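The values are calculated or read from the model by the stated rules, or taken from the named source; none is laboratory data. All figures in this text were calculated on a predicted structure; none of them were measured in a lab. Methodologically, a virtual Cβ is constructed for each residue, glycine included, from the backbone with ideal geometry; neighbour enumeration extends over all protein chains shown. To get the accessible areas, we keep the full protein, side chains included, count just its heavy atoms, and leave off ligands, DNA and RNA. Shrake-Rupley method; radii C 1.70, N 1.55, O 1.52, S 1.80 Å.
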Amino acid sequence: EAEIKAKYKELKQKLKNGDIADEEYEREKYALKTAAAKINMQMDASTDPNVKKIIQAVKIGKEKLFKEMVAQNPAIVGLAVDEKGNTLLHWAALNGHKRIAKELLRQSHHFDAMALNSRGQSAVDLARDFNYEELAGYLKEKLPGISETFSDRPSTSMHISQTEDQLDSVSEQLANVQAEREKLELEMQERLKEIMGDVDKEKASRQRAQQDKAAMDLKQQELEAKMAAMEATQQRDLQEKARLEVEAERLATEKAAKEAELQKEKERVEQELRKRMEEAKNESQKSEEEKAAIQAELARLAAEREAKEKELQAEKERVEVEYKQRVGEKEQKMKESEEELAKEREAKNAMLAEMAQLKAQLAQAKKEAEDKDKKAAAPAPEPEPAVEETPEAVEEKRQNEKDRLLEEFEERRRDLEALQKQEQERQERLLQELLEMKRKKRGNRKPMPSPEPGSRRTSEADGEPPSPHAI
């Protein structure tokens, strides 16, 4: 702004001194006013809250708010440009808002619809980068000459955001180089204008000198000195121009190098993105194969589980049938054992009765022997004539009878003890068989429903041995 004011003051001074024509003065004055208006417009737009508001409305697709703001101030469409050079049409294309894009095209006389942002992208490029093919086709149809740099690079917003920071830094460097180049070009143009003005001034002076040759004779020495000074100044200006041209050439070389470096960086980033895309694709395919393998393994395990369940069910039924058969057999054996025990009990009772009878006979024999001893001690009546027995024979006979009865009693007692021992061994053997059968049954089958209380199988299922009374 200060530079424009200084140039305007200098221009007025030239007009006052008569060093510039009126037509050229008006042309230069108009150019300065246009530059000042453009600077003021950009400064106002950067601080105007309505500009930020309308950009945000286009981003999120608030069509009603956008139309109201355009109706109030149509020129705001041309002012709404962010720091990266994105116009409202760029944002509408990037977010796929076709109706807002149509309205912007109706207001295209207020802004450059074919403008490129700081990355060199048009609205068509952004629409295609974010897979809005229909909107891209519509914009290309309405703007036939619009720039289009769409390529096969990845189009997802995720991959674009990953490289955005890298490209921003390179774009910022390129923008700085561009700004320096524009500044040097402006300085060179201004310097050339000053030189051309001096040359034109010299030509006018020469023409006036030729016309007023008589008047200029008096001032010829002063004019020659002035001409020498002007020639020196012109020489310095030519040297400055040559220096500026060399500087411009150096800047152009640096710009080409920066552009080549930027292109290499861009190609490296795109190659890295393609590589990452391929890796992500391979990982996705590998995860799909692992998922299919897991599903097949689950199906196989389910089939094995079903087969195992069927096998266990069949085994359970077989064990139940076998258990029922063995229980039936054992119950039959127990019934037969009970019958045998009843018979043996009857035999035992008969033997006990027989032993009691033997004891009675023994007691009677003892009594008879005692009676005989008493009779032998008393005076015996005169016996009938018979064969007389000596006391030794009688005593021997009585002793023999007593020994016979004792031997018979001992023999019967031994037989009874042997029977009792056999019965006890048989009971113990039956108990061992029952316990062994229970252990096998618990090892070969799952738990069975408990029988009704009070039945004989209740104590067996609880692991308690049957009592001798139950047997």
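When you go through (1) within 18 Å of Ser118 (Cβ to Cβ); (2) crowded, with 19+ Cβ neighbours inside 10 Å one by one for Gly85, which number turns out not to apply?
(2)
Cβ contacts < 6 Å: first residue free of Cβ contacts under 8 Å to residues at least 12 places away in the same chain, restricted to the stretch 203-217; second residue in a helix (DSSP H, G or I) and of a type outside the set (Lys, Arg), any location; separation 6+ or different chain. Result?
Within 6 Å, the pairs are Met216/Ala209.
Filter the stretch 253-303 down to the residues that are farther than 24 Å from Gly120 by Cα and of a type in the set (Lys, Arg), then identify the one that is surrounded by the most Cβ atoms within 10 Å (Cβ to Cβ).
Applying the filter and picking the extreme gives Arg276.
Of all residues in the stretch 131-145, how many are open to solvent by 50 Å² or more (accessible area, probe 1.4 Å) and under 17 Å from Asn95 (Cβ atoms)?
Residues in the stretch 131-145 being open to solvent by 50 Å² or more (accessible area, probe 1.4 Å) and under 17 Å from Asn95 (Cβ atoms): 4 in total.
State all residues of the stretch 197-214 that are open to solvent by 60 Å² or more (accessible area, probe 1.4 Å) and in a helix (DSSP H, G or I); if no residue qualifies, say none.
Hits for the stretch 197-214 are Asp198, Asp200, Lys201, Lys203, Arg206, Gln207, Arg208, Gln210, Gln211, Lys213, Ala214.
Of the residues that sit in the stretch 412-463 and are charged (D, E, K, R), exposed (fewer than 11 other Cβ atoms within 10 Å of the Cβ) and part of a loop (DSSP other than H, G, I, E, B), which one is modelled with the lowest pLDDT?
Asp462
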